[in-house]
Amino acid sequence: MQRLYVMFPDRGPGLGLLWLRLCVAGGLLAGGSPAGVPGLLCLAAIGLLLPGLLTPLAVLLAVPGLYGQGAALPWLLLPLALLMLGPGAYSLDARLFGRRLLQRRPPPNG
């Protein structure tokens, strides 16, 4: 996941990405639940988008789900914008795959 996103922005941009994830999940909910495979794709995408877990996979599930609902073009482009921008700092992806500060341990006395 680290290779897909250069950074996980926080503050204003991070809140904007959180809002974008919530809007995509809301769009999936608002369209109703289609029967069959598109409905399952929608549920799986919502479950991954809300906490921000495995965002690229969630987007790949959301686009066919939205297309199966007969969504308009802007609703189809919204998940792709999320794919290009990343999940943001307020996501499980940032917690699992974000940058870490490595500290060197002092050498043992001996």
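Brief remarks on what is shown
- The stretch 44-70 - residue that is within 14 Å of ALA81 (Cα to Cα) and open to solvent by less than 10 Å² (accessible area, probe 1.4 Å) and, of those, modelled with the lowest pLDDT: ALA62
- Subset tally (residues that are surrounded by fewer than 23 Cβ atoms within 10 Å (Cβ to Cβ) and assigned to a loop (DSSP other than H, G, I, E, B)) for the stretch 87-98: 3
- Given (1) open to solvent by less than 50 Å² (accessible area, probe 1.4 Å); (2) farther than 17 Å from ASP10 by Cβ; (3) not acidic (Asp, Glu), index of the condition MET84 fails: (1)
- Test: residue in the stretch 99-109 that is surrounded by 15 or more Cβ atoms within 10 Å (Cβ to Cβ) and on the phi < 0 side of the Ramachandran plot: no
The values are calculated or read from the model by the stated rules, or taken from the named source; none is laboratory data. Everything quoted here is computed from the prediction, not taken from an experiment. No Cβ is skipped: glycine too gets one built from the backbone with ideal geometry, and neighbour counts run over all protein chains shown. Ligands, DNA and RNA are excluded from the accessible area calculation, which covers all protein heavy atoms including side chains. Shrake-Rupley method; radii C 1.70, N 1.55, O 1.52, S 1.80 Å.
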